[in-house]
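Down below is the structure, laid out as structure tokens.
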Amino acid sequence: MESRARVVIGRVTRAHALAGGVRVRPDGPTVATLEPGDPVEAVGPDGNSRRLTVAERAGDAASPILRFREIADRNGAEELRNSLLRVTDEAINDDLDAGTYLVRDLIGCTVFSGDRELGAITDVHAGTANDNLEIDGPDGSLLLPFTHDAVTAVEPDAGRVVIRPDLLGEASGED
């Protein structure tokens, strides 16, 4: 995993039970596809990382519980609290549905409303109903919903995202 790009797939929220399990808040569908033997990297809040091997997965896709071979008890699991779980980008590429984008592919893209440039995406905030794009532009920071209704085109290879021209209350055309 050292030489390949790594992608965050979730965050450990807390220890679960006594045998070293952890509850995970997933960032996308990948955590639900992990199988025993799959490697992951846990990056703690202090920036230190450690390689772990999935021993078992339980729970459901929205609230998975993972146990790792290297973690034997609740104390070890508690040490993982707030750690980011990462895998190589190779491990997730097959899991992506059409219309699914990695956060790292969106960061830096320029957002346009019609022909007007709004600024660059600096962050993507996960939400319960939808994600929100944080845009840093000449008018300051702006949050936009990342929904099919609001976003009309996503072109990560071209570095652009286009939103509906009327989304921000602008005129949709000429008089």
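For an R0 of 41 angstrom, estimate the FRET efficiency from the Cβ-Cβ distance between SER63 and ASP115 and round to the nearest 0.05.
0.40
Go ahead and set up a Gaussian network model of the chain, Cα springs under 10 Å, then flag whichever of ALA129, ALA153, ALA61 fluctuates most.
Maximum among the listed residues: ALA129.
What is the sum of charges, Lys and Arg at +1 and Asp and Glu at -1, for the other residues whose Cβ falls under 11 Å from the Cβ of LEU106?
Residues near LEU106 contribute -3 overall.
Express in nm, to one decimal, how much length is gained between LEU143 and ARG164 on full extension, taking 0.36 nm for each residue of separation and deducting their alpha carbon distance.
Full extension from LEU143 to ARG164 adds 6.1 nm.
Given the options ASP27, ASP123, ASP149, state which has the largest fluctuation in a GNM of the chain using a 10 Å cut-off (strictly under) for Cα springs.
ASP149
Between ALA77, ALA19, ALA158, find the one with the highest GNM mean-square fluctuation for the chain; connect C-alpha pairs within less than 10 Å.
So, out of ALA77, ALA19, ALA158, the one fluctuating most is ALA158.
Determine the sum of side-chain charges near ASP60: Lys and Arg each +1, Asp and Glu each -1, restricted to other residues whose C-beta is under 15 angstrom from that of ASP60.
Neighbour charge sum, excluding ASP60 itself: +2.
Let me have the relative contact order for the chain, percent, based on Cα pairs under 8 Å that are six or more residues apart.
Answer for the chain is 18 percent.
How far is the Cα center of region 12-50 from the Cα center of region 58-131, in Å?
Value for the Cα centre distance between the two parts: 12 Å.
Find how much the distance from ASP105 to THR122 grows on full extension, using 0.36 nm per residue of separation minus their present alpha carbon separation; answer in nm with one decimal.
Result for the pair: 5.0 nm of gain on full extension.
Of the listed values (i) 203; (ii) 132; (iii) 119, grab the one calculated as volume of the Cα convex hull per residue in Å³ from the structure here.
Recomputing volume of the Cα convex hull per residue in Å³ here picks out (ii).
Read-outs throughout are calculated quantities, based only on the coordinates presented, and are distinct from any laboratory measurement. Given the structure is predicted, the values throughout are model-derived calculations rather than measurements. Using ideal geometry, Cβ is built from the backbone for each residue, glycine included, and neighbour counts are taken over all protein chains shown.
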